[in-house]
Amino acid sequence: MKTLVVANWKLNPATQKEAKNLFEEVKNRVRNAKNVEVVICPPFVYLPSVVLKKGKLVLGAQNVFFREKGAFTGEVSPLMLKDLNVKYVIIGHSETRKHLGETNEIINKKINEALTAKLKPIFCVGENEREDKFSVLDNQIKEGLKGILGKDIKNVVIAYEPVWAIGTGKNSSVDETLSSILFIRKIIKKLYNIKAAENIKILYGGSIDHSNAALYVKEGGANGLLVGGASLNGKEFADIVKSVN
Ligand code: PGA
């Protein structure tokens with residue numbers, strides 16, 4: 001199983017020129033990382049300009065709507081992403097949940113529609129600082145995956161991102177991360193079966209940098225990483241990729 005390292009650029013950078021330069025820099029720097037699938041998730045508007053030069057990099061989007069087409073002002077459909085050679089889509093990020101009021105029900109519809117279009121959802125889950133981690137994970141995963149069939153679960157990636165660890169420099173300890181990831185596998189085993197639980201890719205995200213990245217993969221049970229802030233620096237992001245290659 002290849003390790004998956006996903007760059008979530010969020011609402012950055014400010015211009016197309018910068019986006020192209022960052023993309024090009026990452027592409028050159030990770031060229032020899034053969035054991036890692038490197039996914040770049042730029043803002044929607046930059047996807048058309050980077051797709052033409054993507055080389056071995058894989059494209060992802062940061063969100064998607066839950067219908068194919070129609071009267072839905074401001075939205076982007078799974079089919080449009082598919083047409084741009086996008087393979088992955090982040091769904092249920094804590095920032096979308098918080099700032100756009102995205103609910104588990106909406107997230108479930110998005111996962112469903114993304115799978116129908118043959119996109120791979122990167123389904124984000126994680127607790128806030130004072131919440132009980134296990135009940136939050138249980139609830140978010142059960143509601144997010146409601147109705148998702150066993151044949152489709154292998155195309156879902158789960159990203160465990162404790163909300164308090166995102167962009168704060170306070171990352172989850174390796175032991176805590178391992179316990180969360182094992183717990184998530186247990187839920188998947190209950191909902192599906194042991195094979196699904198063993199095969200599903202689970203990423204860790206939250207204040208990853210080149211100095212801590214490898215620990216989560218080697219000792220924290222993660223099959224890869226979802227990287228925010230550090231993915232905006234080409235060298236730093238490439239060092240993360242190389243550290244888990
Ligand atoms: P961070 O963000 O690496 O800046 O903490 C991770 C994320 O939000 O996916």
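To the nearest 20 debye, what charge dipole does region 116-212 have about its Cα centre, counting +1 at the Cβ of each Lys and Arg and -1 at the Cβ of each Asp and Glu? Mind dumping the intermediate values first?
On the way: 15 positive and 12 negative charges, 136 e Å.
Using only the charged Cβ atoms, the result is roughly 660 debye.
Which distance in Å, rounded to a whole number, links the C-alpha centroids of region 223-245 and region 80-149?
Distance between centres, Cα-based: 22 Å.
Please build a GNM for the chain, connecting alpha carbons under 10 Å apart, and tell me which residue among VAL50, VAL227, VAL38 fluctuates the most.
Result: VAL50 has the largest fluctuation of those listed.
Using r as the Cβ-Cβ distance of LYS98 and ARG67, and R0 as 30 Å, what FRET efficiency do you calculate, to the nearest 0.05? Spell out each step's value before the answer.
Values: r = 23 Å, r/R0 = 0.77.
In this case the efficiency is close to 0.85.
Under 14 Å Cα-Cα from LYS54, which aspartates and glutamates qualify once same-chain neighbours fewer than 8 residues away are excluded?
Partners within reach: GLU24, GLU25, GLU37.
Any number yet on Rg/Rh for the chain, C-alpha, Kirkwood? Please report the intermediate quantities before stating the final value.
On the way: Rg = 16.7 Å, Rh = 17.9 Å.
Ratio of gyration radius to Kirkwood radius for the chain: 0.93.
Sum up the charges of everything whose Cβ sits under 14 Å from the Cβ of CYS41, counting Lys and Arg as +1 and Asp and Glu as -1, but leave CYS41 out.
Working: positive: LYS10, LYS54, LYS87, LYS120; negative: GLU37, GLU95, GLU161.
That works out to +1.
Once you have the alpha carbon radius of gyration of region 85-209, what is it after dividing by 2.2 N^0.38 Å, with N set to its residue count?
Details: Rg = 13.7 Å, N = 125, 2.2 N^0.38 = 13.8 Å.
Relative to the 2.2 N^0.38 Å estimate, region 85-209 comes out at 0.99.
Using the alpha carbons of region 141-197, what is the convex hull volume per residue in cubic angstrom, as a whole number? Display every interim value, and only then the final one.
Details: hull volume 5.0 nm³, N = 57.
Once divided by residue count, the hull of region 141-197 is 87 Å³.
With every protein chain kept in place and ligands, DNA and RNA left out, what is the accessible area per residue of region 1-69? Probe 1.4 Å, answer in Å². Before the final figure, lay out each step's value.
Working: 3600 Å² over 69 residues.
Per residue, region 1-69 has an accessible area of 52 Å².
Kindly flag which residue pairs out of LYS87/LYS201; LYS20/LYS87; LYS109/LYS142; LYS34/LYS218; LYS34/LYS110; LYS56/LYS186 have an alpha-carbon separation exceeding 23 Å in this structure.
Result: LYS34/LYS110; LYS56/LYS186 exceed 23 Å.
Quick query: amide H of HIS93 versus all other amide H atoms, modeled in the peptide plane; which residues come in under 5 Å with a sequence gap of 5 or more or a different chain?
Residues meeting the criterion, in which the H sits 1.01 Å from N, are CYS124.
With +1 on each Lys and Arg Cβ and -1 on each Asp and Glu Cβ, and nothing else charged, work out how big the dipole of region 29-158 is about its Cα centre, in Debye to the nearest 20.
Details: 22 positive and 15 negative charges, 167 e Å.
It works out to roughly 800 debye.
Which percent of the accessible area of region 7-63 is formed by carbon and sulfur heavy atoms (probe 1.4 angstrom)? Please list the in-between numbers first.
Numbers: 1550 of 2890 Å².
Its accessible area is 54 percent carbon and sulfur atoms.
Name the shape class, rounded, prolate or oblate, that the alpha-carbon gyration tensor gives for region 41-102, where a ≥ b ≥ c are the square roots of its eigenvalues, rounded holds for a/c under 1.5, and otherwise prolate holds if a/b is larger than b/c and oblate otherwise. Present the calculation step by step, with values, prior to reporting the outcome.
Numbers: a/c = 2.29, a/b = 1.43, b/c = 1.60.
In terms of gyration-tensor shape, oblate.
Which distance in nm do the two modelled labels at ASN193 and ASN12 give, with both placed 7 Å along the Cα-to-Cβ direction?
Placing both labels 7 Å beyond Cα along the Cβ direction yields 4.4 nm.
Compute, for region 110-165, the length of the dipole vector about the Cα centre, with Cβ point charges of +1 (Lys, Arg) and -1 (Asp, Glu) only. Units Debye, rounded to 20. Spell out each step's value before the answer.
On the way: 9 positive and 9 negative charges, 85 e Å.
Once rounded to the nearest 20, the dipole reads 400 debye.
At a 1.4 Å probe radius, carbon and sulfur cover how many percent of the accessible area of region 82-240?
Values: 3610 of 7150 Å².
So the carbon and sulfur contribution to the accessible surface is 50 percent.
Counting each DSSP H run of 4 or more residues in the chain as -39500 (n - 2.57), what helix-only mean residue ellipticity at 222 nm follows after dividing by all residues, to the nearest 500 deg cm²/dmol? Working shown, then result.
Working: 11 runs with 100 residues, N = 245.
It comes out at -11500 deg cm²/dmol, rounded to the nearest 500.
If the viscosity is 1.002 mPa s and the temperature 20 °C, what Stokes-Einstein diffusion coefficient in µm²/s follows for region 165-226 when Rh is the Kirkwood radius over Cα pairs? Present the calculation step by step, with values, prior to reporting the outcome.
Details: Rh = 11.9 Å.
D = 180 µm²/s.
List every residue whose amide H lies under 5 Å from the amide H of LEU225, counting only residues 5 or more places away in sequence or on a different chain, with H placed 1.01 Å from N in the peptide plane.
LEU4, VAL5, VAL6, TYR204
Hey, if you put +1 on the Cβ of every Lys and Arg and -1 on every Asp and Glu Cβ in region 121-162, which of GLY150, PRO162, PRO121 ends up farthest toward the positive end of that dipole?
GLY150
The values are calculated or read from the model by the stated rules, or taken from the named source; none is laboratory data. What you see is a predicted model; the values in this text were computed from it and never measured. Because the Cβ atoms are built from the backbone with ideal geometry, glycine has one as well, and the counts that use them run over all protein chains shown. All accessible areas refer to the heavy atoms of the entire protein, side chains included, with ligands and DNA or RNA removed. Shrake-Rupley method; radii C 1.70, N 1.55, O 1.52, S 1.80 Å.
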